[in-house]
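Notes follow once the structure below has been shown.
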Amino acid sequence: MDIPLPWWVLIAGTCLAVAVAVAAWMFFSGRGSEQSYPYKKRRSLFTDSERAFLETLEHAVGEDYRIFAKVRAADALSVRALPDRGQWQRAWEKIRSKHFDFLLCDTENFIPVAALELDDASGDNPRRSVRDGFLESACRAAGLALVRIPAENKGSVSEIRQQLLEELEELDTGQQPQAEPFGMEGQDSDSPPACPKCSSVMVRRRINKGPRTGRMFWSCSRFPRCWGALPIQSE
């Protein structure tokens, strides 16, 4: 003769079974989630070297430009209309997965002015060299300055500023004058002009490296708070 179990035993058994089922569901669903979304938050958006360079770049450009980091090439460049859709798609694919380390934009209308790449040892990699060569050609065709900053200069405000001035002076982007560091006519070498950006007195400075080594130019005396500059027409 079977002896019926007490009611509390039945309830306890039912609760235990439910608890085991819930625990099993949570365990296996959690494993499934980890396998489907195996992601974790990065420690930082920048490497130590990139973060140090960004701080220097902010001092170099002051309030003249807005700085954006890790920008897709496809966000700064676009593919012009082509008669062959396949050719257009191939051109798009080439820029879709590439990005610039930093991008300078005009403060008012956000027009891209210059892309900056921080060159380090990775530049010796053959694949990196091919990528760099493509971006240089693409930017040149689009009228966007591409400035490569040597890793050894990443902490020098004056050298970065000077290199940017040289690159932007040589490139005719067709943008509004206020977006160009040399947007006004040059002054003679004797009388210090007023800064075109803040009206402060300007001082003579010399370019110390690059294709324009030795050339003098006017620079705002309030640098790096003001990034105004003018060429000197005659020495």
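Nothing in this text is a laboratory measurement; each read-out follows from the coordinates by a stated rule. The structure presented is a predicted model; accordingly, all values stated were derived computationally and were not measured. Note that we place each Cβ from the backbone using ideal geometry, even for glycine, and neighbour counts take in every protein chain shown.
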Practice task
Once you've got the Cα coordinates, tell me which of K40/K98; K70/K94; K41/K70; K40/K94 are over 25 Å apart.
Solution key: K40/K94
Practice task
Tell me the trypsin sites (Lys or Arg not before Pro) within segment 43-139 that lie in a loop according to DSSP and have at most 10 other beta-carbon atoms within 10 Å.
Solution key: R43, R80
